[in-house]
1. Tell me which of V266, G287, A157 sits at the most positive position along the dipole axis of region 156-292, charges placed on C-beta atoms (Lys, Arg +1; Asp, Glu -1).
2. Report, ordered by chain and residue number, the aspartates and glutamates lying within cross-link reach of K28, taken as a straight Cα distance under 17 Å and ignoring same-chain residues fewer than 8 apart.
3. Which Rg and Dmax, in Å, describe the Cα atoms of region 278-397?
4. What is the extension gain from E146 to M396, computed as 0.36 nm multiplied by their sequence separation minus the C-alpha to C-alpha distance, in nm to one decimal?
5. Take every DSSP beta bridge whose two residues both sit in the chain, then give the antiparallel share in percent to the nearest 5.
6. Can you give me the solvent accessible area of E419 with a 1.4 Å probe, rounded to the nearest 10 Å²?
7. FRET efficiency for K230 and K28, Cβ-Cβ distance as r, R0 = 25 Å, nearest 0.05?
8. Out of every Cα pair in region 107-194, what percent are spaced more than 20 Å from each other?
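The values are calculated or read from the model by the stated rules, or taken from the named source; none is laboratory data. Just so we're clear, the structure is a prediction, and the values are computed from it rather than from any experiment. Backbone-built Cβ (ideal geometry, glycine too); neighbour counts: all protein chains shown. The accessibility values were calculated without ligands, DNA or RNA, using every heavy atom of the protein model including side chains. Shrake-Rupley method; radii C 1.70, N 1.55, O 1.52, S 1.80 Å.
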Amino acid sequence: MSSLINTSRPPVFCPGCSHERIVHTLDKAFEQMGLDGSQVVIVSDIGCSGLFDTFFDTHAFHGLHGRALTYATGLKMARPDLKVIVTMGDGGLGIGGAHVLSTCRRNIDLTLLILNNFNYGMTGGQCSSTTPQEAVVGSGFLNQLEKPVDICQVAAAAGAAFVTRTSSYAPDLVDQMAAAISYDGFSILDMWGMCPGRYTKRNKITPRSIEADLAGLPPFQGPVPSNQRKEYGSAYREVAARLPKPAQPEKIEARFQPPASGRQEVLILGSAGQRIVTAGEIFCLAGMTGGWHATLKNDYPITVLRGHSVSEMVLSQQPVDYTGIDRPNVVVALADEGVGRRKKMLSRLGGDTLIIKAAGVALPETGATVREFDFKAQKLKSQDWALASLAVLARMDRVISMEMLKAALAIRFKKGILEAAVELVDRVVG
């Protein structure tokens, strides 16, 4: 196999940085294993180690600091055929420590390469979770107060099945990497190296001193006997295959001709207790009875019984890839709290947008077409206004029809509630 190094962006680190040696060693491990770029995913986060995904012609995923193992877990579960390699510095290791422990417990088939140079090299040389207490770093005396993490002992205690502690300058590092990547389970390589940009300016460290320090620690060289067990993904699929198959969701048939065509975007702006989310669901179901694809996004605070409630719906004859709404076809404004969440958008709208506004709700200055309805005068409770507004839309033949709305109600509600909902719609229409 040929090199997987990205020739259009070769690795560039500070002169003498051990990371560059690891890049080329990893490439040799891929060659030794006969892997091509389509078989490998490199997942990284932030910092110098976060550059690794750009240096290889492989699949890649670049994420947030310390979170790389979470993305990698999803990738491996979805694509168990891929070799998933995570590169992480000692910074990401400390920030993402809980994710490291969870991955050790799961034993999912990932390889974590820890590029351990004992400091936050990219951001000023501050102490990290692995900085020795006697080191001089950019964050003053803080590291003197903390005991550095021995990630190998921690990982083994947490259930990691393959743990190796090594030097970035080890002559057999290619073989160690290949063994870790080949292992059917979670494997960790804690590779000690040098950061000439920050750490070695204040601390004397050499490949020989690294070897001496490693020799004084408990050795970790591959499989941890007490942690050997089935790989998580394989075990998951075996157990899942024995479970009863879940019932398939009800298929919604396209039965009606919608009164509109093209992409339709609708907002419902209300408050807690007005059943905004339920109305959004019903609207989407109505669209589906007309053969449309439908998406629904909801926005409400953690205090779910107080504050704003907003639903955004998109209907389209084509699959909906982008769910953002900037110039909706219809806006339903039922409460000031919801309107307050979309004031800027409302002020940009033109006459092609219809706003159905409940009496008493204040709108910002807008060029949209506004129709006001006094739901209170019809003796409707606030919790029924959202459904009533859908009836208004259907009566106007705007986006959905009355037959589409009633079909959606029959799908969404049980018989007793259905009768009450249909009665409400007929009352509004009448």
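1. It is V266.
2. E20, D36, D53, D57, D172, D175
3. 14.2, 41
4. Value of the extension gain: 83.1 nm.
5. DSSP beta bridges in the chain are roughly 35 percent antiparallel.
6. 100
7. The value I calculate is 0.25.
8. 42
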